[in-house]
Structure formats: structure tokens, C-alpha cells
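In what follows, a single structure is set out as C-alpha cells and then discussed.
We did not get these values from a lab; they are worked out from the coordinates using the rules stated. What you see is a predicted model; the values in this text were computed from it and never measured. Reconstructed Cβ throughout: ideal geometry from the backbone, glycine too, with neighbour counts over all protein chains shown.
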Amino acid sequence: MSLSSGSRADGEPAIPAIPPPKPGPEPTPVARPMPAPRPTAQVSRTAAVLVLLLLAALIPLLGPSAALSGTGEDPAPGTAGIGLLRTVMFAALAVQAGEVLGGWLTRRVPQAPEDAPRAWSEYAAWAGTVAALGLASVVATGNLVPSKLSDMDIGGLYQSRDGALALIEVNAFVAAGLLARSRRPVVRALPLAAVVVAEALRAHPVTELRPMVGAGLTLVHLLCASLWAGGLLYAVRAGWRWRVSAPHAGAALLALYARVAALLIAGVTATGLVSTLRRMPPDTLFEQLRTTSYGRVLLAKVLLMVAVAALALAARQRLRRRDRRRGRRSRQAADALHAFVPARVEVALLGLVVAVSALLTALPVPIRWGALWW
């Protein structure tokens, strides 16, 4: 006797047939997160940062003797210490200005993550305060390195132009530290603007030919340089923080920064060229680049700037390659991460540029040979 489907012999209850499962949509593949960095990689990065900081400190400490060698120029008192203090001050200014610019750019990145890099502005502001206090103590001693507290004439700071500018820088950094956690970028930027203006005026005393022209050039130069270096540092830190959660947002931030950086580089180059020609006219330029300490350090700065510009161009080319692969998400993500490789090296070189620029402000200004209209 044959048994039909869905029935049992000998009076057993029939078991209903189980229908086959309906085909559903294929599960969406989940992107694998990037593996966490190995401890050896973290140690290597920490060691690289420490080496960079040590090198940046050695430039103002050892640079004066190397630059002055064979020039016949007498070093100013405390050149190495002043150069180191200005290195700290310029770096603090760049970090704070970069976070203001980086926050402004991040708000213009579509679907940018909420977890921004940890703010360094407050620490940078207090480091800048210490450096500005050290520079003010030099001014209070008559531009000499004080050996004891009684050497300083604190009250005399209010009676001289250099002293008043030094006090403005100290107070501006203190205000920047107190306002570092403000959510309003304009409020955080105001003390930094005061530092830039005071430093531009300090670099051009009233005895100089047309000091306000020089101060205006220095103001634009210092502002563009601070935004350039600090903005790149913020963009690289943000890209590294978002490398797992949102690599495309990090690349978009770097691309947006690159457009702004092109204008900043143009401003730094133009003002630097004009300022150089004001102090070293064309007919004596090459001779002074070779025979004066100021010219030698300036030449080193120019060479570093050329290397930085080449790295910026390399990062921009990688970002353009990413834009051409909009439909290929995996390759686009890889190009986005690879674009940060030259950008990180660019940050390191810009740190050296900051140290060389600080050393340049502590060296004797070359004697003008010939008079130019500006």
C-alpha cells in the first residue's frame, strides 16, 4: 500500500509539510574595520615625534653658531634662548590658529563624524604664555639675558614700545588659554590676532625705513604661515582619528584644506619675497645669502619650503586620483588613506620651518645696500 504525502499509516496523525524558505535579499556586506595599530607602530610614531621635537629645539640652540661662522658678525646676547622661545611661541600660535581653521573646515564636510580630535589649544596657549613671559623678561633687561630678578625692570615695560608689545603678547596668550574652550571661533581667534599684530609691529621698529609697510607684510606672512601649518596639523590628526570610522570624511577634509592652503602658500610666498627684497635688494641678494647669517638661514628656510610645496603637490595628486575613482569605493578609500602619507611628512617639515623662522627673527638683520622705494 502506498502512502500519500502528508499522511501516516495505521491511524497516525499527518504531519504537515514545511514549506521551503522564501529567498530574501542578500545580506549587506559589512566593511571590516581597519586593524588597530600594533604596539611597535605606536612606539615608532612616538619616537618619531620625540626626534622631531628634539630637532626643532636644536635648530635655534645650535643654529646661531653655524650660521654666524665665517661671517664676521657678532652674535646678539641670548640668540639661542630667544630663538628657542620664539619657536615655542610660533608653534603655539600655529596650533591654536589651525584648530580654529580646522573646525571651520570640518563643519563644511558632509557627514563629518562628531568625534573631533582632542583639542590642543589650551595647552598651546599656556606654552605660548611661558614663552612670551621669557621674551618679555629679555625686553625688561634691555634686550639682555637676565641673570637674576633684580636685573629686570618690570615697570619699564609700560614705558617702551617693545615692552608694551611684549605685554600684549603675554596677555593675549593668557586670554587665549581662558577662551580655548569657547564654542565661538571668533572669540578664540581674537587673542591670536592680537599676538600676530604685536609680533608684526615688534619685528619692525620705528627706526626702520617705512616700518608700517614691513609690519603689514609680516602680519600677512605670519597669519598665513600659522594657518597653513596649524591647519594641516589638524587635518592630519582628524584623518588619523577617522581612518576607521570615516576615511572618506578625512580625505574630504584634507581636500578642502588643500584648496585653502593654496591661497595661504601664495600669501606666504608673496610676502616673504617682498620682505626679502626690502632687506636684501636684488643686486646684493645672492651675495648676502652666502655671506650673512641672516641670508644663510633664509636660504635654508627657502629650501625647506620647496620640499614642503613638493609634498603638498604629491598629496593633492593623490586626492585627485581619489576623485577619479568615485565609483570604486575600495580603491577610493585606499587612495584617501595614502594621501595622508605625504601630508604627515609635510607636517614634520613645517615644524622645522617654524623653528628656522624663529631663529631668523633672533639673528642680526643684514645692512641695507642701496635704497628701494618700499
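Suppose we take every Cα in the range 76-362 and form the convex hull; what volume per residue is that in Å³?
128 Å³
How much net charge surrounds G272 when only the other residues with a Cβ under 12 Å from the Cβ of G272 are counted, with Lys and Arg +1 and Asp and Glu -1?
Details: positive: R278, R279, K301; negative: none.
In short, +3.
When the Kirkwood hydrodynamic radius is evaluated over all pairs of different C-alpha atoms of the range 168-269, what value in angstrom, to one decimal, is obtained?
15.5 Å
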